[in-house]
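Data first, discussion second: the structure below is written as structure tokens.
The values are calculated or read from the model by the stated rules, or taken from the named source; none is laboratory data. Just so we're clear, the structure is a prediction, and the values are computed from it rather than from any experiment. Positions of Cβ are generated from backbone atoms using ideal geometry, with glycine treated the same way; all protein chains shown enter the neighbour counts.
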Amino acid sequence: MRFFKPYSLNLSGSLLDVDAPIVMGILNVTPDSFYSGSRYDNEKSIRGRARQILDEGGKIIDIGGYSSRPDAEDVAEEEEWRRLAFGLRAVRDELPDAIISVDTFRASVAERCVGEFGANIVNDISAGCLDERMMPAVARMKVPYVMMHMRGNPHTMSGMTDYENVVADMLQYFGRKIKEAAYAGIADIIIDPGFGFSKTLEQNYELLGHLEDLRVLDLPLLVGVSRKSMIYRLLESSPEKSLNGTTAVNTIALLKGASILRVHDVREAVEAINIVEKCG
């Protein structure tokens, strides 16, 4: 049984109707992302990656300038903006009409990305917890908002895994955050359970096993497990050797209601969606 529910997103006045799951391709303009294959640091490679994402069937390009892997170095706001501006400019020059998501937890950075480069979606790993100005800013910009579940920040999250029940805690968390976002005036909300963020290996798989429980929130569900440690640690492998495991987890997520797959390997994720859709 599948739990996907069609939805629509208002992208700056243009309505995107989604009647089947879609793929968000990762484009990191960072030097320290956990998967070396996702780092792009020059205009030619950024343009090529953006084109690849769309050519392989991706619908959204997610650009990030701050690595959120555990123990990653902090990045000053101006440096994050410099990286994102460089990436956004290259992508907009190559693909003026592409749907771009900007991965940041800083309201001022998000506002500049939307205002100066027309970013279409804000993807916030902290759901406003790391910058109280974020939700009001997103509401003013009138863009869809991805809110992720995380405790603490990328430097402290690994030690904040003391849940009585990770799924129940997440439902309570999103219940609060959805109300907060609605009160701020955000119209389009996407939820991300935050696989790998403030969760142990066992908790990640407990969450995956009960992912369909999140459909009670009645919102699009983004799943980002691509080449993460929950896969390569279980399989005693590495990020570079985790494509097969990623496809397996993505397929499970699709069967349990995922609306958006955030991935490094776009073609394989699109193929997984096509196969699941064929099964009805």
Looking at G48, G64, G25, G58, can you tell me which residue is modelled with pLDDT of 90 or more, within 15 Å of the chain's Cα centre (by Cα) and over 21 Å from A272 (Cα atoms)? G64
Filtering segment 85-105 for residues that are in contact with a helix residue (DSSP H, G or I) (Cβ under 6 Å, 6 or more places away or on another chain) and surrounded by 22 or more Cβ atoms within 10 Å (Cβ to Cβ) leaves a count of 6
So for segment 122-145 (the condition being closer than 20 Å to I46 by Cα and surrounded by 24 or more Cβ atoms within 10 Å (Cβ to Cβ)), does at least one residue qualify? yes
Over segment 200-235, the set of residues hydroxyl-bearing (S, T, Y) and over 25 Å from I189 (Cα atoms) is T200, S229, Y232
Spans of helices (runs of 4 or more DSSP H) in segment 140-245 with at least 2 residues farther than 24 Å from I61 by Cα and at pLDDT 95 or above: 166-184, 201-209
Just to be sure I understand, how many residues within segment 236-250 are surrounded by 13 or more Cβ atoms within 10 Å (Cβ to Cβ) and either basic (K, R) or under 18 Å from A272 (Cβ atoms) (or both)? 9
Tally up the residues in segment 198-227 that are within 25 Å of Y7 (Cβ to Cβ) and either without any contact (Cβ under 8 Å) to a residue 12 or more places away in the chain or not polar (S, T, N, Q) (or both), please. 19
Tally the residues that are surrounded by 24 or more Cβ atoms within 10 Å (Cβ to Cβ) and more than 17 Å from G196 (Cβ to Cβ), restricting the search to segment 213-235. 1
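Looking at this structure, is K5 in contact with a Gly (Cβ under 8 Å, 6 or more places away or on another chain), at pLDDT below 95 and surrounded by fewer than 21 Cβ atoms within 10 Å (Cβ to Cβ)?
Answer is yes for this residue.
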